[in-house]
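Enquirer: Supplied in structure tokens, the structure appears directly below.
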Amino acid sequence: MSRKLDLKNLTLRLLRLGNRLPPPWRGAFLWRLFCTPFVHSRGKEQLEFLKNGKPLYLPFQEYLLPAWVYGRSGPTVALCHGWQGSAASWFKLTPILLEAGFRVILFNAPGHHNNPRFASLPL
């Protein structure tokens with residue numbers, strides 16, 4: 001059974017569990033589940049990629065988000081990963097942008113590979 005299938009199974013089980021809770025708790029439980037991305041392991045190549053960036057922290061609300069800078073000069077491009085992604089998701093595109101003369105900033109959004117695990121969504 002693949003890891004992707006395991007996550008699908010886990011999600012379905014958690015949704016079924018949420019449906020069995022009393023209504024006041026159900027909404028809170030399902031909202032928490034919806035706003036907590038699963039963490040995927042990073043490959044060796046992605047870990048090495050992050051080690052080559054200059055680390056920094058970006059203030060956001062009451063948190064400090066981990067970020068990395070690549071390149072020293074040129075127009076700056078900030079890349080934000082998708083849901084359940086991380087800054088390491090950009091390990092293939094970043095070298096291409098650097099070759100084109102850009103400076104690249106990557107960060108992990110709240111709830112993605114850093115604390116807090118909960119990613120509040122303004123809906």
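Enquirer: Taking every DSSP beta bridge that has both residues in segment 44-107, what percent is antiparallel when rounded to the nearest 5?
Expert: Taking every DSSP beta bridge within segment 44-107, about 70 percent pair in antiparallel fashion.
Enquirer: Where does the charge balance sit around Leu98 when Lys and Arg score +1, Asp and Glu -1, over other residues with C-beta under 14 Å from its C-beta?
Expert: Every neighbour counted, the sum reads +3.
Enquirer: Could you list which residues have their amide H under 5 Å from that of Leu58, counting only those 5 or more apart in sequence or on another chain, with H placed in the peptide plane?
Expert: Leu65, Ala67
Enquirer: Assuming R0 = 35 Å, can you tell me the calculated FRET efficiency for the pair Leu98 and Leu21, based on Cβ-Cβ distance, to the nearest 0.05?
Expert: Computed FRET efficiency for Leu98 and Leu21: 0.10.
Enquirer: Right, here's the next one. Arrange the following residues from fewest to most other Cβ atoms within 10 Å of their Cβ: Ser89, Ser73.
Expert: Listed from fewest to most nearby Cβ atoms, that is Ser73, Ser89.
Enquirer: Neighbouring Cβ atoms within 10 Å as the yardstick, rank Val69, Val104 fewest first.
Expert: In order of increasing Cβ crowding within 10 Å: Val69, Val104.
Any read-out appearing in this document is the output of simple, stated calculations on the displayed coordinates, not a laboratory observation. Predicted, not measured: the structure shown is a model, and the values here were computed from it. Neighbour counts are summed over all protein chains in view; Cβ atoms, including those assigned to glycine, are modelled from backbone coordinates with ideal geometry.
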